[in-house]
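Trainee: To start, I am sharing the structure in question, which I have written as structure tokens.
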Amino acid sequence: MADSVRPRRSVLYMPGSNARALDKAKTLPADGLILDLEDAVAPDAKAMAREQVCAAVRGGGYGGRELIIRANGFDTPWGEADIIAAAQAGPDAVLLPKVEHAAQVQRAADLLVQHGAPETMTIWAMMETPKGILHAEAIAASHPRLTCLVMGTSDLVKDLNARHTPLRLPVAASLSLCLLAARAYGLSILDGVHLDLDDEAGFEAACRQGLDYGFDGKTLIHPKQVAPCNAVFAPSEAEVARAQKIIAAFEAATAEGKGVVLVDGKLIENLHVEQAKKLSALAAAIAKLEQME
């Protein structure tokens, strides 16, 4: 199930049990919202949170923001019911936690079909355990409804018995493996959260590192992280202008039957044109989303 160009610079976790937070999310400039039924919700509030989140999705009012419901795992008393409820509420996607096998994605996809989920509703997968990382390719190839991998670096660091460091070297291999799997199968991929809310410089550095790695955006834990994250992952005006210049030069050269294209003295090949078109489309999608807010 191929995704059209959709900005995922900033995807913010919102606790599903907090009605006030769900309402506030309608005003936040995040590209996407993960309405969380898992980590952010106490066991005795799971059923209430599920009803509240599904009602919020059905009620709308979120503009062009992408809405994702994070379910509990299938190994919990709530996981299957979460998927069924999400299928009937119809968010943009359901996010599966701690995915370690392709079968988990396939099971969720079967439940979505059985319970009337829209064909456009997709599946996202959390990559947050050593076994999940080692099975990244099989997970990425598991089902056409799967469109996005989400790094769960907090759980991953814990399971690795590693430490959070500024350069994130302990999870570098895991990030790269999941990026390879995502790109090999045409999926989007989001970087993990930055836990220190007072470390603004460190957060910006982590966003830039994620951009350099190739991530489409970053998952966030607080509204104040949204604006700086959007700024890092959005194409700059200079980048957009150069992309449009490359596209125009290539089209003009093609129309004239020329085999060589130069822009500012540099040779332009098909791969540069493809990158330019992708960047230009992303910039247009961001502008459209911001007009809807």
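Trainee: Check off (1) under 21 Å from Thr27 (Cα atoms); (2) free of Cβ contacts under 8 Å to residues at least 60 places away in the same chain for Thr219 and give me the number that stays unchecked.
Mentor: (2)
Trainee: Would you mind telling me which numbered condition in (1) closer than 25 Å to Arg50 by Cα; (2) surrounded by fewer than 16 Cβ atoms within 10 Å (Cβ to Cβ); (3) acidic (Asp, Glu) Asp92 fails?
Mentor: The failed condition is (2).
Trainee: Would you confirm whether any residue within the range 46-58 is touching a residue at least 24 places away in the same chain (Cβ under 8 Å), within 21 Å of Ser154 (Cβ to Cβ) and either among the aliphatic types (A, V, I, L, M) or in a strand (DSSP E or B) (or both)?
Mentor: Checked the range 46-58: at least one residue is touching a residue at least 24 places away in the same chain (Cβ under 8 Å), within 21 Å of Ser154 (Cβ to Cβ) and either among the aliphatic types (A, V, I, L, M) or in a strand (DSSP E or B) (or both).
Trainee: Turning to a different aspect of this structure: Go through the range 68-122 and report how many residues are in a strand (DSSP E or B) and polar (S, T, N, Q). Before you say what the answer is, go through the steps one by one.
Mentor: Step one: filter the range 68-122 for residues in a strand (DSSP E or B), giving 68-70, 93-96, 122.
Now restrict to residues that are polar (S, T, N, Q): 122.
Residues that pass the stated criteria total 1.
Trainee: Can you find a residue in the range 172-192 that is free of Cβ contacts under 8 Å to residues at least 60 places away in the same chain, crowded, with 18+ Cβ neighbours inside 10 Å, among the β-branched types (Val, Ile, Thr) and assigned to a strand (DSSP E or B)?
Mentor: Yes, the range 172-192 contains a residue that is free of Cβ contacts under 8 Å to residues at least 60 places away in the same chain, crowded, with 18+ Cβ neighbours inside 10 Å, among the β-branched types (Val, Ile, Thr) and assigned to a strand (DSSP E or B).
Trainee: Might you check whether a residue that is buried (at least 19 other Cβ atoms within 10 Å of the Cβ) and among the β-branched types (Val, Ile, Thr) occurs anywhere in the range 159-168?
Mentor: So far as the range 159-168 goes, no, none of its residues is buried (at least 19 other Cβ atoms within 10 Å of the Cβ) and among the β-branched types (Val, Ile, Thr).
Trainee: Given the conditions (1) touching a strand residue (DSSP E or B) at 6+ places or on another chain (Cβ under 8 Å); (2) at pLDDT 95 or above; (3) farther than 18 Å from Cys148 by Cα, report the number of the one that Glu80 does not fulfil.
Mentor: (1)
Trainee: Next question. If Glu137 satisfies every condition in (1) surrounded by 14 or more Cβ atoms within 10 Å (Cβ to Cβ); (2) closer than 30 Å to Gln52 by Cβ but one, which is the exception?
Mentor: (2)
Trainee: What about Ala109, is it surrounded by 17 or more Cβ atoms within 10 Å (Cβ to Cβ), without any contact (Cβ under 8 Å) to a residue 40 or more places away in the chain and within 21 Å of the chain's Cα centre (by Cα)?
Mentor: Judged against the criteria, Ala109 is a match.
Trainee: With respect to Glu128, is the statement that it is more than 23 Å from Val226 (Cβ to Cβ) and touching a helix residue (DSSP H, G or I) at 6+ places or on another chain (Cβ under 8 Å) true?
Mentor: The answer is no for Glu128.
Trainee: Turning to a different aspect of this structure: Please go through (1) of a type in the set (Val, Ile, Thr); (2) in the same structural domain as Val171 (by TED's automatic domain parsing); (3) loosely packed, with under 13 Cβ neighbours inside 10 Å for Val260 and return the number of the only condition it doesn't satisfy.
Mentor: Val260 satisfies every listed condition except (2).
Trainee: Continuing with this model, one more query. Could you tell me whether the range 193-200 includes any residue that is crowded, with 16+ Cβ neighbours inside 10 Å, outside the structural domain of Ala285 (by TED's automatic domain parsing) and within 22 Å of Glu137 (Cα to Cα)? Reasoning before the result, please.
Mentor: Residues of the range 193-200 crowded, with 16+ Cβ neighbours inside 10 Å: 193-194.
Filter once more, keeping what is outside the structural domain of Ala285 (by TED's automatic domain parsing): 193-194.
This time we only want the ones that are within 22 Å of Glu137 (Cα to Cα), so: none.
No, the range 193-200 contains no residue that is crowded, with 16+ Cβ neighbours inside 10 Å, outside the structural domain of Ala285 (by TED's automatic domain parsing) and within 22 Å of Glu137 (Cα to Cα).
Trainee: While we're on this one: Could you grab the pairs with beta carbons closer than 7 Å, sequence gap of 6+ or different chains, first residue in the range 142-160 and farther than 18 Å from Ile68 by Cα, second one among the hydroxyl-bearing types (Ser, Thr, Tyr)?
Mentor: Asp155/Thr129; Leu156/Thr129; Leu156/Ser174; Asp159/Thr129
Trainee: Shifting gears a bit: Filter the range 1-40 down to residues that are among the hydrophobic types (A, V, I, L, M, F, W, C) and closer than 11 Å to Arg70 by Cα and give me whichever is surrounded by the most Cβ atoms within 10 Å (Cβ to Cβ).
Mentor: By that ranking, first place goes to Leu37.
Trainee: Any idea how many residues of the range 206-224 are surrounded by 16 or more Cβ atoms within 10 Å (Cβ to Cβ), closer than 20 Å to Gly152 by Cβ and over 15 Å from the mean Cα position of the chain (by Cα)?
Mentor: The total comes to 2.
Trainee: All but one of (1) in contact with a Phe, Trp or Tyr (Cβ under 7 Å, 6 or more places away or on another chain); (2) touching a residue at least 60 places away in the same chain (Cβ under 8 Å); (3) not acidic (Asp, Glu) hold for Ile68; which doesn't?
Mentor: If we test Ile68 against (1) in contact with a Phe, Trp or Tyr (Cβ under 7 Å, 6 or more places away or on another chain); (2) touching a residue at least 60 places away in the same chain (Cβ under 8 Å); (3) not acidic (Asp, Glu), just (2) comes out false.
Trainee: Where the second residue is surrounded by fewer than 20 Cβ atoms within 10 Å (Cβ to Cβ) and the first is within 16 Å of Trp78 (Cα to Cα) and lies in the range 95-106, which pairs have Cβ atoms under 7 Å and are six or more apart or on separate chains?
Mentor: Here the result reads Pro97/Gly73; Lys98/Gly73; Gln104/Phe74, each pair linking the range 95-106 to a residue that is surrounded by fewer than 20 Cβ atoms within 10 Å (Cβ to Cβ).
The values are calculated or read from the model by the stated rules, or taken from the named source; none is laboratory data. These numbers were taken from a predicted model, which means no experiment stands behind them. Positions of Cβ are backbone-derived with ideal geometry, glycine not excepted, and every protein chain shown enters the neighbour counts.
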